[in-house]
Amino acid sequence: MAVLDWITPEPGLMLDDEQVTLRPPRSADYREWSELRRESRPFLQPWEPTWPPDDLTRAAFRRRLSIYNRDQDLGQGYAFFVFRKPDNVLVGGVNLRDIRRGVAQSGALGYWVGAQHARQGYTLAAVRAVARFAFGRLGLHRLDAACLPENEASRRLLLRAGFDHEGRARAYLKINGQWRDHLLFGLVKDEQRELR
């Protein structure tokens, strides 16, 4: 048994869709995750923050799991790995983070997919599953998401998942070493479409 598998706050937490299964990352996922990320680096790097030099090491993965578990314990975020059905191959990840309660009842959605699994519907299915989880089990009212203006695939995915394009934020996030503008998207519980 992997050391951190029993620490996960909700070890039975699993989201299901026809194409994919989502669950929190476990220490036993390290090898498959690091290989997928390593193979997909040229595909992912233009859309992500600069990877630290040790990003794909086991120690960095343990730190990542520790952050995920802390956020989940505090109710501030949920991280999921996305596995393809029926062979249970890791294809990517979805994070629901920056959960705010009180008058906001909102969270921010982020996602990634391995290069060889892109444009096959897995990320769309995963985003829809996490939206159902956020609006149902977590009782959130709104989800936010953002993407680089030139990331046409991500823009289309968010629109297909029911998000509305709400604007543009200048110098919003530091991506691949540069502060970059982002398109902003939102999905409101009462207006959700296509989540089933």
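Using the structure shown, decide if residue 74 is without any contact (Cβ under 8 Å) to a residue 12 or more places away in the chain and farther than 15 Å from residue 137 by Cβ. It is true that residue 74 is without any contact (Cβ under 8 Å) to a residue 12 or more places away in the chain and farther than 15 Å from residue 137 by Cβ. Would it be correct to say that residue 29 is closer than 30 Å to residue 104 by Cα, of a type in the set (Asp, Glu) and modelled with pLDDT of 95 or more? No, not satisfied.
Of the residues making up the range 103-136, those that are surrounded by fewer than 15 Cβ atoms within 10 Å (Cβ to Cβ) and free of Cβ contacts under 8 Å to residues at least 60 places away in the same chain are 103, 104, 119, 120, 136. It is to be established whether one or more residues within the range 64-73 are at pLDDT 95 or above, crowded, with 17+ Cβ neighbours inside 10 Å and in contact with a helix residue (DSSP H, G or I) (Cβ under 9 Å, 6 or more places away or on another chain). Yes; the residues of the range 64-73 include at least one that is at pLDDT 95 or above, crowded, with 17+ Cβ neighbours inside 10 Å and in contact with a helix residue (DSSP H, G or I) (Cβ under 9 Å, 6 or more places away or on another chain).
So, residue 101, is that one closer than 22 Å to residue 182 by Cα and among the basic types (Lys, Arg) or not? Spell out how you get there, then give the answer.
Numbers: closer than 22 Å to residue 182 by Cα: no; among the basic types (Lys, Arg): yes.
No, not satisfied.
Scanning the range 1-26 for residues that are modelled with pLDDT under 90 and hydroxyl-bearing (Ser, Thr, Tyr) yields a total of 1.
The values are calculated or read from the model by the stated rules, or taken from the named source; none is laboratory data. Note that the structure is predicted; figures quoted are calculated from it, not measured. Ideal geometry is used to build each Cβ from the backbone, glycine not excepted, and the neighbour counts take in all protein chains shown.
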